[in-house]
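Down below is the structure, laid out as structure tokens.
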Amino acid sequence: MFLPEQQRLLETFLNQTALAIERVRLAQAAQNAQIKVETESLRNSLLAGISHDLRTPLAAIVGAASSLAEEPERLSPEARRELARTIYDEGQRMTTLANNILDMARLDAGAVTLNRDWYPLEEIVGGVLTRMRARLEGGR
């Protein structure tokens, strides 16, 4: 058995240990709460950006389509072609955005495994330039 002084010392040590464990647990809970707040803020920012990026081409599509539908006889053939081209281009833009969003969701869910092989920089830049050629040349 312990002497009364030793027992008080042991109780003090146990209390201090329990307080330290509780502080660690509370610090972890605070850190988890902070991560949740930051994650929610990031998610809200991402959704706001996506919403804006989707509304812009949609507004262009609706505007061009309404011009074509409401007063087609007042438009020259060139203006009609340009409006049709705008509808097509903005539809393509929305498709690309939607595909990018779905790809991001797949990456986040872990459904996609990254291929981490080395590729020549010239090949990557050349591929991008080929896909972007119409935009770069015509300013579309």
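The values are calculated or read from the model by the stated rules, or taken from the named source; none is laboratory data. These figures come from a predicted structure and were not determined experimentally. Cβ: placed from backbone, ideal geometry, glycine included. Neighbour counts: every protein chain shown. The area values use the complete protein model at the heavy-atom level, side chains included, leaving out ligands, DNA and RNA. Shrake-Rupley method; radii C 1.70, N 1.55, O 1.52, S 1.80 Å.
Things worth noting here:
- If you go through region 93-120 and keep only what is within 16 Å of Val62 (Cβ to Cβ) and open to solvent by 80 Å² or more (accessible area, probe 1.4 Å), you end up with just Arg93.
- When region 84-140 is filtered for residues that are out of contact with any helix residue (DSSP H, G or I) (no Cβ under 7 Å at 6 or more places or on another chain), in a loop (DSSP other than H, G, I, E, B) and either at pLDDT below 85 or small (Gly, Ala, Ser) (or both), the ones remaining, listed by number, are Gly110, Ala111, Thr113, Leu114, Asn115, Arg116, Gly139.
- Restricting attention to region 1-45, the residues that are more than 22 Å from Asp108 (Cβ to Cβ) and open to solvent by 80 Å² or more (accessible area, probe 1.4 Å) total 21.
- Verdict on Ala48 being modelled with pLDDT of 95 or more, among the small types (Gly, Ala, Ser) and surrounded by 10 or more Cβ atoms within 10 Å (Cβ to Cβ): no
- Test: residue in region 62-70 that is within 16 Å of the chain's Cα centre (by Cα), surrounded by 10 or more Cβ atoms within 10 Å (Cβ to Cβ) and in a helix (DSSP H, G or I): no
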